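Please read the structure below before turning to the comments.
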Amino acid sequence: MPTNLKIFIKVIVVSVIAAVVYGLFLLGSPAQQRLIKLDQQRVSDIQSISYAINAYWGYNKKLPATLEVLVKSQDYYISSLKDPTTGEHYEYRILGEKQYELCANFNTDSSNFQNVSLPKPASEEKWDYHKGATCFSREAYSEGR
């Protein structure tokens, strides 16, 4: 085999290996991506719970005593009350007349991978979390605020 062809093949092989390594470095391993996906599911679940609490507040002018109240009424959509990995219920605590807290355990830190390319309104609620137990404190409001 000519020397130039051997060099060309080696360059191609090294380039492919470098591209794969760089991709894993940039995106994380498949296991890391799975953890991120599970955390995103947790945030989505908690957001749907929060929206249901706001809708409940809009109709009743009080917070639900438990999250099961929302599920039993069937008037509110909640994707899940349970963690996708452990099956444990997300924590819900009433802090005041309109204030409440929703908590979950996360596998990753959202600041490591959140998409910063799209602008967000200043009034939009923050759903940032860190690895471990994280609680989101919210104030109930009706859609008209």
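The values are calculated or read from the model by the stated rules, or taken from the named source; none is laboratory data. As the structure is a computational prediction, the values presented were derived from the model and not from experiment. Neighbour counts are summed over all protein chains in view; Cβ atoms, including those assigned to glycine, are modelled from backbone coordinates with ideal geometry.
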Exactly one condition in (1) touching a Ser or Thr at 6+ places or on another chain (Cβ under 7 Å); (2) surrounded by fewer than 15 Cβ atoms within 10 Å (Cβ to Cβ) is false for residue 20; which is it?
(1)
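Every residue, every condition in (1) part of a helix (DSSP H, G or I); (2) basic (Lys, Arg), yes or no:
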{"residue": "40", "(1), (2)": "yes, no"}
{"residue": "44", "(1), (2)": "yes, no"}
{"residue": "51", "(1), (2)": "yes, no"}
{"residue": "56", "(1), (2)": "yes, no"}
{"residue": "64", "(1), (2)": "no, no"}
{"residue": "68", "(1), (2)": "yes, no"}
{"residue": "72", "(1), (2)": "yes, yes"}
Hey, could you check the stretch 98-145 for residues that are touching an Asp or Glu at 6+ places or on another chain (Cβ under 7 Å) and small (Gly, Ala, Ser) and say which is modelled with the lowest pLDDT?
111
All but one of (1) surrounded by fewer than 17 Cβ atoms within 10 Å (Cβ to Cβ); (2) without any contact (Cβ under 8 Å) to a residue 40 or more places away in the chain hold for residue 76; which doesn't?
(1)
Restricting the stretch 52-88 to residues that are within 26 Å of residue 108 (Cβ to Cβ) and among the acidic types (Asp, Glu), the residue that is farthest from the chain's Cα centre (by Cα):
88
Out of curiosity, is residue 38 surrounded by fewer than 12 Cβ atoms within 10 Å (Cβ to Cβ), closer than 30 Å to residue 104 by Cβ and either modelled with pLDDT under 85 or within 16 Å of the chain's Cα centre (by Cα) (or both)?
no
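Return yes when residue 35 is touching a residue at least 60 places away in the same chain (Cβ under 8 Å) and either of a type in the set (Asp, Glu) or assigned to a helix (DSSP H, G or I) (or both) and no when it is not.
Values: touching a residue at least 60 places away in the same chain (Cβ under 8 Å): yes; either of a type in the set (Asp, Glu) or assigned to a helix (DSSP H, G or I) (or both): yes.
The answer is yes for residue 35.
Could you look through the stretch 11-62, keep only residues that are touching a strand residue (DSSP E or B) at 6+ places or on another chain (Cβ under 7 Å) and of a type in the set (A, V, I, L, M), and pick out the one that is nearest to residue 128 (Cα to Cα)?
So in the stretch 11-62, the residues touching a strand residue (DSSP E or B) at 6+ places or on another chain (Cβ under 7 Å) come out as 39, 42, 46, 49-50, 53.
Still in the running and of a type in the set (A, V, I, L, M): 46, 49, 53.
Numbers: 46: 12, 49: 16, 53: 20 Å.
Step by step, filter the stretch 11-62, then rank; the result is 46.
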